[in-house]
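Below is one structure; the comments refer to it alone.
None of the figures in this text is laboratory data; all of them are computed from the coordinates on show. Since the structure is predicted, the reported quantities are computational estimates derived from the model, not experimental observations. When we count neighbours, we look across all protein chains shown, and the Cβ atoms used for this are built from the backbone with ideal geometry, even at glycine.
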Amino acid sequence: MTVLPQGLPLAAEFPETSRERWQHLVEGVLRKSGADVSGAQAEEALSTELQDGLRIRPLYTAEDGAAAAEAAGHPGFAPFVRAGRPEGSAATGWDVRQRHAEPDPVRANEAVLADLESGVTSLWLELGATGLPVDGLARALDGVYLDLAGVTLDAGAEFGAAAEQLFRVLDERGVPATAATGNLGADPLGLLARTGRDADTDAQLAGATALAARCDSSYPGIRALVVDALPYHEAGASPAQELGCSLATGVAYLRALTGAGLSVDAACAQLEFRYAADADQFLSIAKFRAARRLWARVSQVSGATAQSAQRQHAVTSPVMMTARDPWVNMLRTTVACLAAGVGGADAVSVLPFDSAVGRSDAFARRIARNTQAVLLEESHLARVIDPAGGSWYVERLTDELARSAWAWFQEIERAGGLRAALADGTVGERIAATWAKRQVALAKRREPVTGVSEFPHLGEQPLVREPLPAPVGGGLPRVRLAGAFEALRARSDAHLAATGARPRLALAALGPAAAHTARLTFTANLLQAGGIATVTLTGAEPADVAREFAADGAELVCLCSSDKLYAEQAVEVAAALKAAGARRVLLAGRPGELGEALRAAGVDEFVYAGGDAVALLTSLLDTLLGEGSKDENGAAR
């Protein structure tokens with residue numbers, strides 16, 4: 001009988017190797033590309049820098065993640081990295097929570113019932129100025145079994161009135177107080193971050209603590225407060241900043257609740273934390289795991305006697321959603337939902353793919369809820385507890401993110417707490433700096449936005465949706481990854497509406513297709529990201545190209561070909577195009593050794609990967625639309 005080796009090592013048939021051997025092999029590959037590195041430098045050359053000082057390494061071994069994996073503990077036990085409950089979501093799946101902001105109570109009720117009949121398990125209702133009127137809550141909940149479906153309210157400053165409406169509905173319909181579940185949505189500090197108005201914060205904190213005491217004594221399944229990290233995420237915060245701000249908010253609420261007489265355990269039970277999940281799958285997974293670890297530490301040092309896991313509500317990121325080519329949002333939200341589920345979120349809300357366009361329709365809401373249904377019922381994503389656990393990469397990333405977030409949380413506390421840090425600009429300035437750095441990566445397309453900065457479709461038919469009311473402002477800004485490029489496209493759309501044609505630039509394709517196709521495709525893609533249409537010139541000689549250009553009527557032109565053909569033809573073609581009246585001549589590629597000669601011949605600028613696409617496209621549109629600098633009489637120069 002064959003005796004199998006103990007532990008069944010999967011790599012038993014392969015010779016042992018070492019990290020140094022792997023680095024040596026990498027050295028050889030990198031040297032072929034001109035990089036003279038060795039040892040750890042070779043590994044570092046393949047690393048990717050993230051926000052918060054984190055880096056993704058090309059190789060992870062037990063020495064990288066074993067310690068973090070061991071510290072993660074077991075599912076359902078502190079520090080709750082692996083899961084908030086021993087069974088995770090394996091028994092019933094996570095809570096599928098659909099968001100509704102329909103202002104008409106009748107239409108809201110129709111949408112709510114359709115969702116609940118099709119797999120949604122709880123409701124997230126936006127009330128007040130930007131959503132359902134508070135006094136329409138009862139009508140919107142007609143026919144809803146409130147002992148089965150939890151209700152989370154989001155009423156901003158009207159959270160007290162909204163809570164009273166919900167309590168009244170529960171009482172009138174005879175729902176046992178012990179059967180009702182949900183969250184009243186009180187979040188005074190989140191509202192302060194949104195609006196910048198601090199005058200009512202003390203009164204709101206008092207109202208929130210009163211609701212918490214009422215829930216603690218009479219409604220054990222309802223939480224009074226939400227620690228909403230979305231205001232920071234939507235302002236451009238990094239994952240660590242989002243987590244740190246949420247910790248500071250949670251600590252402030254613990255102080256207020258315990259000061260009002262609740263025990264630490266009861267105070268912790270009144271909080272639900274809301275985080276964004278985006279299309280960076282592994283970073284989002286790490287975020288939810290790190291958040292539970294961080295809050296476990298806070299509750300521990302706060303004196304909680306019966307530690308329980310942080311209750312988490314994941315929302316697919318509004319920042320990543322695009323108004324252009326919004327169909328791609330389905331892919332983004334699917335990845336984000338997967339990450340939230342794998343990361344152990346208790347409830348997940350998938351924003352409809354058209355949420356950046358306007359008020360979502362029934363089809364978009366159906367796709368949003370079906371995204372979760374497919375992941376739960378067909379992919380069985382919740383059947384495995386902490387599926388990312390044990391991955392050296394994920395464990396190391398979780399640990400590093402938690403440490404970075406804790407450092408930011410400590411900085412906020414040193415500033416006097418979140419309220420003081422919002423008032424003195426500490427939070428806003430730090431988040432603004434983070435967003436400014438990310439904008440550079442977006443502008444240079446190092447962080448591509450599919451369908452907007454990459455692979456745009458100028459001929460797409462825009463979705464038409466009922467416009468949303470203006471969100472509450474005055475505090476932290478709201479940003480989107482696609483914002484700069486979509487603003488450029490809007491300028492192009494306005495020109496199209498006014499003149500019947502888009503701003504246009506000619507592409508001079510020099511030589512055979514094999515020589516010019518790569519750069520011509522790259523340039524056309526980049527220009528279309530700014531709403532600039534292209535026409536291709538294919539003259540065989542410089543004079544032919546110049547004649548084609550003059551006959552076409554374009555004002556701007558870009559040369560596209562190989563470096564070899566540039567050396568042979570670019571100087572002559574550029575001079576001919578300038579003589580033919582080209583206002584600006586561009587060249588696809590870096591200037592290289594020919595740079596001085598090309599500039600002397602009339603090439604104004606160079607288009608290449610890694611350049612600032614937003615600055616280039618803005619400048620081109622200024623020229624094409626006559627919206628550049630003005631002279632003293634106000635005329636375009």
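When Glu413, Glu70 are arranged by Cβ crowding within 10 Å, least crowded first, meaning fewest neighbours, the order is Glu70, Glu413. By DSSP, the beta bridges lying fully in the chain are antiparallel in about 5 percent of cases.
Of all DSSP beta bridges confined to region 76-408, the antiparallel ones make up roughly 0%.
Ordered by the number of other Cβ atoms lying within 10 Å of each residue's own Cβ, fewest first, Val573, Val535 fall into the sequence Val535, Val573. Simple point charges give the picture: +1 on the Cβ of Lys and Arg, -1 on the Cβ of Asp and Glu, and for region 91-159 a dipole about the Cα centre of about 100 debye. Helix 329-343 and the longest principal axis of the C-alpha atoms of the chain enclose an angle of approximately 40°. Placing +1 on the Cβ of every Lys and Arg and -1 on the Cβ of every Asp and Glu, with nothing else charged, gives the chain a dipole about its Cα centre of roughly 200 debye.
Rounded if a/c is under 1.5, else prolate if a/b beats b/c, else oblate: with a ≥ b ≥ c from the C-alpha gyration tensor eigenvalues square-rooted, which is region 76-408? Kindly include the intermediate steps, with their values, before the conclusion.
Details: a/c = 1.38, a/b = 1.05, b/c = 1.32.
The shape class here is rounded.
Here the Karplus relation 6.51 cos²θ - 1.76 cosθ + 1.60, evaluated at θ = phi - 60°, turns the backbone of region 42-54 into coupling constants of 5, 5, 5, 5, 9, 7, 10, 7, 10, 5, 6, x, 7 Hz, with x for every Gly and Pro. [x] 262; [y] 156; [z] 211: which one is volume of the Cα convex hull per residue in Å³ as calculated from this entry? Computing volume of the Cα convex hull per residue in Å³ and matching it to [x] 262; [y] 156; [z] 211 gives [z]. Once the Cα atoms are used to define both axes, helix 513-529 deviates from the longest principal axis of the chain by about 50 degrees. Summary of the geometry: region 199-228 and region 503-578, compared by the centres of their Cα atoms, lie 64 Å apart. For Gln312, the residues whose modelled amide H falls within less than 5 Å of its own, excluding neighbours fewer than 5 places apart on the same chain, are Phe273, Asp346, Ala347. Which residue, Leu46, Tyr393, His313, has the largest displacement toward the positive end of the dipole of the chain when charges sit on each Cβ (Lys, Arg +1; Asp, Glu -1)? Toward the positive end, the furthest listed residue is Leu46.
In this structure the amide hydrogen of Thr534, modeled in the peptide plane, comes within under 5 Å of the amide hydrogens of Leu505, none closer than 5 places in sequence on its chain. Going from the fewest other Cβ atoms within 10 Å to the most, the residues Leu621, Leu507, Leu46 appear in the order Leu46, Leu621, Leu507.
Suppose only helical runs count, i.e. DSSP H with n ≥ 4. What mean residue ellipticity at 222 nm does that imply for the chain under -39500 (n - 2.57) per run, divided by all residues and rounded to the nearest 500 deg cm²/dmol?
Details: 23 runs with 287 residues, N = 637.
Taken over the chain, the calculation gives -14000 deg cm²/dmol.
For the chain, the longest principal axis of the Cα atoms and the long axis of helix 281-302 meet at an angle of about 40 degrees.
Other residues whose C-beta falls under 12 angstrom from the C-beta of Gly182 contribute a net charge of -1, scoring Lys and Arg +1 and Asp and Glu -1.
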